[in-house]
Amino acid sequence: MTPLIEFRDVSKIYNMGDSVVKAADHISFSIYKGEFIAIVGQSGSGKSTCMNIIGCLDVPTEGEYILGGKNVGKMNKNELAEIRNEMLGFIFQQYNLLPKLNLVENVEMPLMYAGVGRTERRKRAEEALEKVGLLDKEKHLPNQLSGGQQQRVSIARALVGNPSVILADEPTGALDSRTGREVLRILQKLHKAGNTVVLITHDNSIAATAERVIRLEDGRKVYDGPSSDPKAFVQANYHLDEDDDKEGGIE
């Protein structure tokens, strides 16, 4: 079976003054159609870098990123924008809804960029809103909704283009725990309906809702396997001895 997403020894290197920072350090993995994957790690682990590369918002410094059989690292800005619009649906922590547009108009936006006609746009936007239970509010403005409802609109917007991959970056980060669970249940339903979902998070409890976990630490992959395995969520252990204390200036 051919992977939908494939990282082949991917590195992302930044030159910061005299320092060289490897935000991603020789990461390899494959994601197949219909999987629900969580990429998890703390700040500085490389998960945001991987999210940007998966989302065609950035390209590797070294290695190859293959999306739908295409080498993304070889693409120019226009080609990256095109493949983003064709294959990817984004759900962000901040909902990024346009305040002066009603819900159905917000959901239609990706289809406008894709050149879809007005009648078809409206039909597909209403279908997407129905999937997240908000069709009855299609004429409402975003500020008339709760945070959870606004996130459901952003999910509908991600779905409207029938993307190959739904990429969710900390989708519950701005929500209370109850509303966050509702959003995660929607992602699970989308997965059960056959969608490929890639969830980016720092939270182990959220990552555990996925079927498979890729854990990153310090830019490297340290685990790739089922979320049911306790090893998926083992944190790094730091052992300091007397020499370490002296090097850090502690006497």
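The values are calculated or read from the model by the stated rules, or taken from the named source; none is laboratory data. It should be emphasised that the depicted structure is a prediction, and the values quoted were computed from it without experimental measurement. For neighbour counting, all protein chains shown are included, and Cβ atoms are generated from backbone atoms with ideal geometry for every residue, glycine included. With ligands, DNA and RNA removed, areas are computed over all heavy atoms of the protein, side chains included. Shrake-Rupley method; radii C 1.70, N 1.55, O 1.52, S 1.80 Å.
Considering (1) in contact with a helix residue (DSSP H, G or I) (Cβ under 7 Å, 6 or more places away or on another chain); (2) farther than 18 Å from Ala156 by Cα, the lone condition that Ala168 does not fulfil carries the number (2). Annotation note: of Ile39, Ile53, Ile13, the sole residue that is in a strand (DSSP E or B) and either under 15 Å from the mean Cα position of the chain (by Cα) or surrounded by 20 or more Cβ atoms within 10 Å (Cβ to Cβ) (or both) is Ile39. Condition check for Val116 on (1) within 19 Å of Leu190 (Cβ to Cβ); (2) part of a loop (DSSP other than H, G, I, E, B): one failure, at (1).
Remark: pairs (first residue in the stretch 37-61, in contact (Cβ under 8 Å) with a residue 60 or more places away in the chain; second residue outside any loop (DSSP other than H, G, I, E, B) and of a type in the set (Lys, Arg); Cβ separation under 7 Å; 6+ apart in sequence or on different chains) = Ile37/Arg212; Ile39/Lys47; Val40/Lys47; Val40/Arg215; Gly41/Lys47; Gly41/Arg215; Thr49/Lys12; Gly55/Arg84.
Just to be sure, is Thr179 buried (at least 16 other Cβ atoms within 10 Å of the Cβ), within 18 Å of Lys131 (Cβ to Cβ) and out of contact with any Pro (no Cβ under 9 Å at 6 or more places or on another chain)? Here the answer is yes, as Thr179 does meet what is asked. The set of residues in the stretch 16-36 being more than 21 Å from Ser227 (Cβ to Cβ) and either assigned to a strand (DSSP E or B) or aromatic (Phe, Trp, Tyr) (or both) consists of Met16, Ser19, Val20, Val21, Lys22, Ala23, Ala24, Asp25, His26.
Here Glu6, Glu64, Glu82 are screened, and the one residue that is assigned to a strand (DSSP E or B) and either of a type in the set (Ser, Thr, Tyr) or free of Cβ contacts under 8 Å to residues at least 60 places away in the same chain (or both) is Glu64.
Could you tell me how many of the residues in the stretch 67-78 are touching a residue at least 12 places away in the same chain (Cβ under 8 Å) and not in a helix (DSSP H, G or I)? Final tally of qualifying residues: 5. Of the numbered conditions (1) open to solvent by 40 Å² or more (accessible area, probe 1.4 Å); (2) out of contact with any Ser or Thr (no Cβ under 7 Å at 6 or more places or on another chain); (3) at pLDDT below 95, Lys22 fails exactly one; give the number of that condition. All conditions pass for Lys22, except number (2). Is it the case that some residue within the stretch 92-104 is assigned to a helix (DSSP H, G or I) and more than 18 Å from the chain's Cα centre (by Cα)? Checked against the condition, which is being assigned to a helix (DSSP H, G or I) and more than 18 Å from the chain's Cα centre (by Cα), the stretch 92-104 yields at least one hit.
The single residue among Gln151, Gln144 that is among the polar types (S, T, N, Q) and without any contact (Cβ under 8 Å) to a residue 12 or more places away in the chain turns out to be Gln144. Scanning the stretch 163-184 for residues that are assigned to a loop (DSSP other than H, G, I, E, B) and among the charged types (D, E, K, R) yields Glu170, Asp176.
Residue by residue, here is whether (1) of a type outside the set (Phe, Trp, Tyr); (2) modelled with pLDDT of 95 or more; (3) surrounded by fewer than 21 Cβ atoms within 10 Å (Cβ to Cβ); (4) on the phi > 0 side of the Ramachandran plot holds:
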{"site": "Lys189", "(1), (2), (3), (4)": "yes, no, yes, no"}
{"site": "Val197", "(1), (2), (3), (4)": "yes, yes, no, no"}
{"site": "Ile214", "(1), (2), (3), (4)": "yes, yes, no, no"}
{"site": "Tyr223", "(1), (2), (3), (4)": "no, yes, yes, no"}
{"site": "Ser228", "(1), (2), (3), (4)": "yes, no, yes, no"}
{"site": "Phe233", "(1), (2), (3), (4)": "no, no, yes, no"}
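The residues of the stretch 148-162 that are part of a helix (DSSP H, G or I), more than 9 Å from Lys131 (Cβ to Cβ) and open to solvent by less than 30 Å² (accessible area, probe 1.4 Å), listed by number, are Gly148, Gln151, Val153, Ser154, Ala158. Condition test on Glu170, is it surrounded by 11 or more Cβ atoms within 10 Å (Cβ to Cβ), modelled with pLDDT of 90 or more, acidic (Asp, Glu) and within 12 Å of Phe36 (Cβ to Cβ)? Judged against the criteria, Glu170 is not a match.
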